[in-house]
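Scroll down for the structure; my scribbles are underneath it.
The values are calculated or read from the model by the stated rules, or taken from the named source; none is laboratory data. The structure displayed is predicted, hence computed values, not measured ones. Please note: Cβ atoms are built from the backbone with ideal geometry, for glycine as well, and neighbour counts cover all protein chains shown.
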Amino acid sequence: MTGPERARLKTREKEKAMRRFATVLAVATILVGAAVAPASAAKPIESTFEFTVEEWNPCTDSIHEVVFSFHVREIVQQKQSVFVIHYVTVTSDGFIGKGREIGVERDGFVSSTFSDKMTNTASGQKISTSGRFLLRDGEVKLSSFDKRCVRG
């Protein structure tokens, strides 16, 4: 395999890993929507769940397994739902972190933003991820996504 072929393969693997990460947060967003209470509900709906996925590590340029532990809080008011998802991340290569997603669902349209930070205390490496999701009638669209090694 030539150098350019290896570079294209690495780029494709990174793109796949980023899509997997985007899918995890999108699934969390969809699950929030599935738990919607009647529009008259004023009390927040809370739930927790875990999700595991393989994703790209920008500090090591390799794939690692990430376990997301989500805590969802949703408030349904009239025709819209507002949710906040706090999550903790633990990776197979020693990164630990936390993040938050905030979103609004109304008339089949969901808009949410997320950000998280992970640190490997042994190596001092840090990963920062942020983005914005748009979902329309169950179709996931990613309007922005940024994942980078901020120290390493």
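For the reader, a short list of remarks on this structure follows.
- Any hit, region 88-101, residues being in contact (Cβ under 8 Å) with a residue 60 or more places away in the chain and at negative phi: yes
- Count - residues of region 114-150 that are farther than 17 Å from Gly99 by Cα and part of a strand (DSSP E or B): 8
- Any hit, region 70-85, residues being in contact with an Asp or Glu (Cβ under 8 Å, 6 or more places away or on another chain) and closer than 25 Å to Gly124 by Cβ: no
- Taking first residues from region 59-79 that are on the phi > 0 side of the Ramachandran plot and among the hydrophobic types (A, V, I, L, M, F, W, C) and partners that are crowded, with 19+ Cβ neighbours inside 10 Å and in a strand (DSSP E or B), no Cβ contact under 7 Å between residues at least 6 apart in sequence or on separate chains turns up.
- Here Ser92, Ser81 are screened, and the one residue that is buried (at least 16 other Cβ atoms within 10 Å of the Cβ) and either closer than 19 Å to Phe114 by Cβ or of a type outside the set (Phe, Trp, Tyr) (or both) is Ser81.
- Identification of strands (runs of 3 or more DSSP E) wholly contained in region 2-104 with 1 or more residues that are charged (D, E, K, R) and modelled with pLDDT of 90 or more yields 45-57, 62-77.
- Within region 45-71, considering residues that are polar (S, T, N, Q) and in contact with a strand residue (DSSP E or B) (Cβ under 6 Å, 6 or more places away or on another chain), the one surrounded by the most Cβ atoms within 10 Å (Cβ to Cβ): Asn57
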